[in-house]
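The values are calculated or read from the model by the stated rules, or taken from the named source; none is laboratory data. As the structure is a prediction and not an experimental result, all values here were calculated from the model. Here the Cβ is made from the backbone with ideal geometry for all residues, glycine too, and neighbour counts use every protein chain on show.
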Amino acid sequence: MIKIYNTLTRKKEDFVPVEPGLVKMYVCGPTVYNYIHIGNARPMIVFDTVRRYFLYKGYEVRYVSNFTDVDDKIIKEAIEENTTSEEISRRYIAECKKDMAGMNILPATVNPKATEEIDGMKSMISTLIDKGYAYRAEDGTVYYRTRKFKGYGKLSHKNIDDLESGHRDIKVTGDLKEDPLDFVLWKPKKEGEPSWDSPWCDGRPGWHIECSVMAKRYLGDTIDIHAGGEDLIFPHHENEIAQSEAANGADFAHYWMHNAFLKINNQKMSKSLGNFLTVRGISEKYDLQVLRFFMLSAQYRNPLNFSFDLMDSAKASYERIVNAETKLIDLLKDADDDGLTSNEEAKLEESDKFRIEFEEAMDDDFNTADAITAVFDLVKFINTNANEDSSAQFLTALQEELKKLTDVLGLIIDRNAASLDEDVEELIKEREAARAAKDFKKADEIRDRLLGMGIRLKDTRDGVRWEKS
Ligand code: AMP
Ligand code: ZN
């Protein structure tokens with residue numbers, strides 16, 4: 001039984017899905033105004049691993065993660081670069097997807113974008129107004145009437161009277177709110193900003209409403225797991241609960257999961273301190289598999305400190321796993337195909353304990369740190385027991401076991417597969433450059449060459465995707 005620490009109840013609870021066999025999961029995604037930083041990568045890697053473990057356990061997982069593509073920071077970046085918000089967010093969504101592919105994060109079932117969900121947001125805001133949970137102020141701003149929602153504060157365990165209003169809503173008005181706790185659902189446009197018409201004013205949505213709406217549209221009124229970094233507990237997730245539960249009249253999410261923060265050299269990561277690292281920057285020094293391994297070396301609710309020394313030791317550890325796989329591949333080339341010896345049979349039975357140890361760790365609120373220890377125990381076992389005399393069956397069984405566990409962690413351990421990815425990315429870039437230069441002959445040649453390597457390309461609205469065919 002999988003146990004999850006639920007921020008809502010502050011307890012580890014048995015996971016029981018709304019619908020048997022199906023996990024409906026929503027993870028708050030990044031605001032796209034720059035390359036993602038390694039802090040953003042932590043929830044991506046952690047919750048991708050949660051998803052993979054559910055898949056391993058035989059669940060179907062519907063995984064929704066948004067891109068916030070309308071926001072003050074995007075508008076500011078657009079002004080600085082003398083371009084539009086659309087251009088900024090389109091660019092950084094594409095870059096973010098490249099980073100995610102590098103970190104071996106499975107593509108979401110749906111990746112909704114705020115700007116494509118405006119109708120749903122308007123409709124939920126109308127419902128909230130109709131039910132008395134929201135009101136329009138004189139200048140057209142629509143506010144949520146926080147004190148009316150009786151459960152307010154239940155996620156962050158704050159008392160409503162001690163609360164101050166959330167910091168991520170920019171106050172576009174003077175004091176037109178009925179109460180300082182009220183937060184923005186819709187705000188009037190400012191000159192040069194993206195805006196949409198609405199019954200209240202031409203404007204744009206507040207930040208919190210997008211997640212309530214996307215979760216409802218793609219997963220339904222009640223979902224299993226809602227996740228994000230711990231900074232989102234208040235006000236973002238508290239506000240999402242207030243919006244969704246008031247509008248839908250149903251529990252919003254049964255389990256709330258929050259990852260602790262990633263620090264750098266034991267300091268908070270911030271642009272002003274100049275200790276801000278992007279995933280892209282890291283990818284120039286390390287295989288992103290090393291970053292993934294590093295992130296999983298701690299249980300997700302523990303703070304994690306980034307340093308290059310720690311990355312170097314993560315690299316060495318990750319390579320120990322890759323080397324075990326390489327050793328098996330090499331031994332298999334000359335191994336005899338004459339079945340398991342009784343000694344090997346006994347050894348395989350013994351090796352089952354590593355999988356059990358792994359599952360126990362993952363069942364306990366996704367303790368990837370202990371799960372990695374189990375993988376290393378298996379690696380040690382492989383190094384001790386696999387040799388030139390081993391049968392092909394024995395080596396293959398060990399290989400399958402190692403692959404099964406490392407797949408849950410999303411770690412690519414086959415050196416050839418890992419370098420194939422890099423070659424493919426390189427060729428795709430060349431093909432895109434050729435297309436941009438209208439050299440379609442060359443672009444087609446590259447496509448065919450990739451096809452020859454067993455790689456099929458798909459041109460999508462969000463750029464080129466590829467799959468092994
Ligand atoms: P944002 O773009 O700031 O909304 O962040 C996207 C996701 O990254 C959210 O789930 C944040 O909680 C998470 N996040 C941001 N910074 C960090 C950090 N330093 N460590 C861990 N998670 C973070
Ligand atoms: Zn959200």
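Summary of computed values
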{"read-out": "Residue list for the range 5-38, restricted to those being within 16 Å of ligand 2 (Cβ to nearest atom), in contact (Cβ under 8 Å) with a residue 60 or more places away in the chain and under 24 Å from GLU77 (Cα atoms)", "value": "CYS28, GLY29, PRO30, VAL32, ILE36"}
{"read-out": "Subset of the range 77-96 that is under 22 Å from the mean Cα position of the chain (by Cα) and surrounded by 20 or more Cβ atoms within 10 Å (Cβ to Cβ) - its residue that is nearest to SER212 (Cα to Cα)", "value": "SER89"}
{"read-out": "So TYR135, is it touching an Asp or Glu at 6+ places or on another chain (Cβ under 6 Å) and either more than 16 Å from ligand 1 (Cβ to nearest atom) or not in a helix (DSSP H, G or I) (or both)", "value": "no"}
{"read-out": "Identity of the residue in the range 333-362, out of contact with any Asp or Glu (no Cβ under 9 Å at 6 or more places or on another chain) and buried (at least 18 other Cβ atoms within 10 Å of the Cβ), that ends up farthest from ASP377 (Cα to Cα)", "value": "GLU344"}
{"read-out": "Residue in the range 340-348 that is touching a strand residue (DSSP E or B) at 6+ places or on another chain (Cβ under 7 Å) and among the charged types (D, E, K, R) present", "value": "yes"}
{"read-out": "Given (1) surrounded by fewer than 16 Cβ atoms within 10 Å (Cβ to Cβ); (2) without any contact (Cβ under 8 Å) to a residue 40 or more places away in the chain; (3) away from ligand 1 (no atom under 16 Å from the Cβ), number of the condition GLY220 does not satisfy", "value": "(2)"}
{"read-out": "Hey, ILE321 surrounded by 18 or more Cβ atoms within 10 Å (Cβ to Cβ) and more than 20 Å from GLY410 (Cα to Cα) or not", "value": "no"}
{"read-out": "Strands (runs of 3 or more DSSP E) (entirely within the range 1-77) containing at least 2 residues that are in contact with a strand residue (DSSP E or B) (Cβ under 8 Å, 6 or more places away or on another chain), modelled with pLDDT under 95 and within 12 Å of ligand 1 (Cβ to nearest atom)", "value": "none"}
{"read-out": "Single residue of the range 56-76 satisfying the filter (under 15 Å from MET362 (Cβ atoms) and without any contact (Cβ under 8 Å) to a residue 60 or more places away in the chain) that is surrounded by the fewest Cβ atoms within 10 Å (Cβ to Cβ)", "value": "GLY58"}
{"read-out": "Only one of MET257, MET295 that is under 25 Å from ALA101 (Cβ atoms), within 16 Å of ligand 2 (Cβ to nearest atom), under 17 Å from the mean Cα position of the chain (by Cα) and crowded, with 19+ Cβ neighbours inside 10 Å", "value": "MET257"}
{"read-out": "Whichever residue in the range 370-402 is touching an Asp or Glu at 6+ places or on another chain (Cβ under 9 Å) and hydroxyl-bearing (Ser, Thr, Tyr) and, among such residues, is nearest to PHE294 (Cα to Cα)", "value": "THR373"}
{"read-out": "Out of GLU191, GLU178, sole residue that is outside any helix (DSSP H, G or I) and either of a type in the set (Val, Ile, Thr) or without any contact (Cβ under 8 Å) to a residue 12 or more places away in the chain (or both)", "value": "GLU191"}
{"read-out": "Complete set of residues in the range 269-297 that are assigned to a loop (DSSP other than H, G, I, E, B) and farther than 14 Å from ASN40 by Cβ", "value": "SER272, LEU273, GLY274, ASN275, TYR286, ASP287, SER297"}
{"read-out": "Subset of the range 30-67 (residues that are among the β-branched types (Val, Ile, Thr) and within 14 Å of ALA227 (Cβ to Cβ))", "value": "ILE45, VAL46, THR49, VAL50, VAL61, VAL64"}
{"read-out": "The range 85-97, residues that are more than 23 Å from HIS236 (Cα to Cα) and without any contact (Cβ under 8 Å) to a residue 60 or more places away in the chain", "value": "GLU87, ILE88, ARG90, ARG91"}
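For every residue, the table says whether it meets (1) within 26 Å of ILE2 (Cα to Cα); (2) of a type in the set (Phe, Trp, Tyr); (3) in contact with a Pro (Cβ under 7 Å, 6 or more places away or on another chain).
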{"residue": "LEU296", "(1), (2), (3)": "yes, no, no"}
{"residue": "GLN299", "(1), (2), (3)": "yes, no, no"}
{"residue": "ILE329", "(1), (2), (3)": "no, no, no"}
{"residue": "ARG355", "(1), (2), (3)": "yes, no, no"}
{"residue": "PHE358", "(1), (2), (3)": "yes, yes, no"}
{"residue": "ASP364", "(1), (2), (3)": "yes, no, no"}
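Yes/no matrix, rows are residues, columns are (1) within 30 Å of LYS150 (Cβ to Cβ); (2) surrounded by fewer than 22 Cβ atoms within 10 Å (Cβ to Cβ); (3) within 16 Å of ligand 2 (Cβ to nearest atom):
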site: GLY229; (1), (2), (3): yes, yes, yes
site: ALA247; (1), (2), (3): yes, no, yes
site: ILE264; (1), (2), (3): no, yes, no
site: LEU273; (1), (2), (3): no, yes, no
site: ASP287; (1), (2), (3): no, yes, no
site: LYS315; (1), (2), (3): no, yes, no
